[in-house]
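Trainee: First, the structure itself, so that you have it in front of you.
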Amino acid sequence: MRSVKLAMLVGTVGILSSCSSTVSIPDPPMKPLTGVGGAPSSCPVIGSRKWSATLTRSGGPASKLTLRVDGEIDLPTPGFTPIWRIGISDRANPPGLQLVVAFDPPKDQMVPQVVTINPVHFTGEVAYPHYRYILIRCGDAALARIAEVQVQP
């Protein structure tokens, strides 16, 4: 009885050792940048950095408020043109604000495929004298959250 158990154990170990030496696991395929629900992202931005936001008032207390946002983004080719729009504000006090940036692709069909660092700027009128944060969005991705919005007199 003992020799039967030993023979089964040796046979099992032999089978398992021969299987493990011939099994290879392929590398997982590279996945494209995805957005909500796993759909491909519509934003061409590869990376971003150096974001800042400044609120200024032009004139007296009843004057208009201007928000300026600056940053740097990496795009896959030169020639993209940013298109900015003001998104929604939340209902907190002070509110947070979303800025949405989209990109027109290069006009020239023959452009080099090289990552390009691009400075981007937004300047526009806003409704509130203070913001808790500015969220920069592109497509369905959040590029940056600016927590410190400078207020200049």
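Rule-based calculations on the coordinates, nothing more; no lab input. Remember, it's a predicted structure, so these values are computed and weren't measured experimentally. Cβ atoms come from the backbone with ideal geometry, glycine included; neighbour counts cover every protein chain shown.
Trainee: Based on the mean of other Cβ atoms within 10 Å per residue, sort peptides 74-85, 94-105, 133-144, 110-121 so the most packed one is first. Before the final figure, lay out the partial values.
Mentor: Details: 74-85: 14.8, 94-105: 17.3, 133-144: 19.0, 110-121: 11.6.
So the order, starting with the most tightly packed, is 133-144, 94-105, 74-85, 110-121.
Trainee: Now for a different question. By the scheme Lys and Arg +1, Asp and Glu -1, what is the net charge of all other residues having a beta-carbon under 13 Å from that of Pro129?
Mentor: Working: positive: Arg57, Lys64, Arg132; negative: Glu125.
Local charge sum for Pro129: +2.
Trainee: Between Gln150 and Ser42, what's the calculated FRET efficiency when r is the beta-carbon distance and R0 is 30 Å? Round to 0.05.
Mentor: 0.45
Trainee: Here's a follow-up. Once the Cα atoms of region 37-152 are picked out, what are the Rg and Dmax in Å?
Mentor: When restricted to Cα atoms, region 37-152 yields Rg and Dmax of 15.6, 51 Å.
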